[in-house]
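The values are calculated or read from the model by the stated rules, or taken from the named source; none is laboratory data. Only a predicted model underlies this, so the values are computations on that prediction, with no experimental measurement involved. Here the Cβ is made from the backbone with ideal geometry for all residues, glycine too, and neighbour counts use every protein chain on show.
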Amino acid sequence: MWFRIRAFKSARRAGRALVSVAVGLIFVAACLMCRSHPAIAADDRLTPALELKEQYNDNIFIEKKNPESDFITILVPMLTYDRGTERARFKLSGRVGIVEYAEHDGLSAIDQNYLGSLDFQKTPRLGMSLNVNYLQDHQPDRDLLVSGLIFDAIRRDRWTFGVSGSYALTERSSLEGGYSHVVEKFPGGNAADSDTHYVSGSYAYKWSPLLTQSLALNYSHTEYENARQDNVTVQLGLAKVIAERWSIDGAIGGRFTRSEYATYEPVFRPPYLEFVKRDVSADETGGVAHFNLNYRTDVTRLTTGFGYDVELASGRSGAVKQTSVTLELVRRIHRDISGFIRGGYYLNRAEAEELAENEIDEQVLRLGAGVRWDLSPDWGTS
């Protein structure tokens, strides 16, 4: 890999990033000045971090024909505030990614990610959590590791709010439930804004320390400008420790998806040609499956996964049927040196006016390898 040292070309963007970090510092400082309850001991930690990357990408737009390459410099200042007590943990974190392209200056941008979470154990049986998140990103491969979908290099703002809880019915059985609200907007871009509500519930029973079964019910409702979509899934899950080093977990079930779209069709009414709105709806059922095989020792960690489900396609009006196979292998070569291999294959498909407004048919294969060296508890390179 080649490395370059060059000055950042966008001082104004860097200035905005520093302002964001300053706001985060002020907010964290205000939290530090707040007194805790005198009867409960608290543990406060403020952790700053800085990450610098130099990358060479031979296909920045993930195109089959005429791929374009570039050097990319990424500077990421991060700040985390963590406050814990015997019954609760409060966390605030913020990171700003200053991304600079050597040749494609129009892709240079500032990504931001701010997260706040609160976990509270009200009783030995009842636990609750709350989280809020704001994400702003621009890169075309931003969802590559999550869904395998490639998107235009435009700004995306995502707000997420979630609340969840768990209750232990007995020593072996428990209930879990949650709600989250996700809003995505693409200011100035030719992409579909979305507003999604998720509701989930599950029951788990531990037959033994090595075997757990679960039953889960999930529902999502998504609104677009000219479309809406409802999806319900029911899954039966299993988590099993096969041997001392091997374990498997997964779920299998079914789903029902209803999609509704508003389209405009040309109708000739002499002497005029008019566009008439037509509502289209489609119901579909199918299966869902998720499986993971895990291997872990003191020096090696291996995880392989398979998934088949319906996933929302960010920035597009609708969802896709996604088939995915993933692999991650991490092995410690020396006390402070480890190597890793990560890969994934994603097949995303949807027929027009079925799960998505327009047809989607994309396949992506990713594969990466590297070495990480921890120089000290505070410094590392890879």
For ILE360: the one exception among (1) over 17 Å from VAL299 (Cα atoms); (2) more than 21 Å from the chain's Cα centre (by Cα); (3) β-branched (Val, Ile, Thr)
(2)
Residue satisfying all of: in region 305-324; crowded, with 16+ Cβ neighbours inside 10 Å and without any contact (Cβ under 8 Å) to a residue 60 or more places away in the chain; nearest to GLY287 (Cα to Cα) among these:
TYR308
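With ASP309, ASP283 as the choices, which residue is assigned to a strand (DSSP E or B), among the acidic types (Asp, Glu) and within 21 Å of the chain's Cα centre (by Cα)?
Residue meeting the stated conditions: ASP309.
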Return the pair list, or none, for Cβ contacts closer than 8 Å from residues in region 70-84 that are in contact (Cβ under 8 Å) with a residue 40 or more places away in the chain and closer than 16 Å to TYR101 by Cβ to residues that are buried (at least 17 other Cβ atoms within 10 Å of the Cβ) and among the aromatic types (Phe, Trp, Tyr), at least 6 apart or on different chains.
PHE71/TYR101
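Here is a yes/no grid of residues against (1) at pLDDT below 95; (2) closer than 30 Å to THR212 by Cβ:
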site	(1), (2)
THR263	yes, no
GLU274	yes, no
ASP279	yes, no
ASN294	no, yes
THR303	no, yes
GLY343	yes, yes
Pull up region 170-194, narrow it to residues that are touching a Lys or Arg at 6+ places or on another chain (Cβ under 9 Å) and assigned to a strand (DSSP E or B), then point me to the one that is surrounded by the fewest Cβ atoms within 10 Å (Cβ to Cβ).
SER173
Any hit, region 315-328, residues being of a type in the set (Asp, Glu) and at pLDDT below 90
no
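Only residues that are among the aliphatic types (A, V, I, L, M) and surrounded by 14 or more Cβ atoms within 10 Å (Cβ to Cβ): list them for region 286-303, please.
Answer for region 286-303, where residues must be among the aliphatic types (A, V, I, L, M) and surrounded by 14 or more Cβ atoms within 10 Å (Cβ to Cβ): VAL288, ALA289, LEU293, LEU302.
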Considering region 188-213 alone, what residues qualify as being touching a Gly at 6+ places or on another chain (Cβ under 6 Å) and not hydrophobic (A, V, I, L, M, F, W, C)?
SER200, GLY201
Subset of region 352-379, residues surrounded by 11 or more Cβ atoms within 10 Å (Cβ to Cβ) and not in a strand (DSSP E or B), comes to GLU353, GLU354, LEU355, GLU357, ASN358, GLU359
For region 119-149, give me each residue that is buried (at least 16 other Cβ atoms within 10 Å of the Cβ) and either in a loop (DSSP other than H, G, I, E, B) or of a type in the set (Asp, Glu) (or both).
ASP119, ASP137, HIS138, GLN139, PRO140, ASP141, ARG142, ASP143, LEU144, SER147, GLY148, LEU149
Suppose we filter SER214, SER200, SER220 for residues that are in contact with a strand residue (DSSP E or B) (Cβ under 6 Å, 6 or more places away or on another chain), more than 20 Å from THR285 (Cα to Cα), polar (S, T, N, Q) and surrounded by 14 or more Cβ atoms within 10 Å (Cβ to Cβ); which single one remains?
SER214
On the given criteria, is SER108 loosely packed, with under 15 Cβ neighbours inside 10 Å and polar (S, T, N, Q)?
no
So which residues in region 87-118 are small (Gly, Ala, Ser) and not in a strand (DSSP E or B), if there are any at all?
ALA102, GLY106, SER108
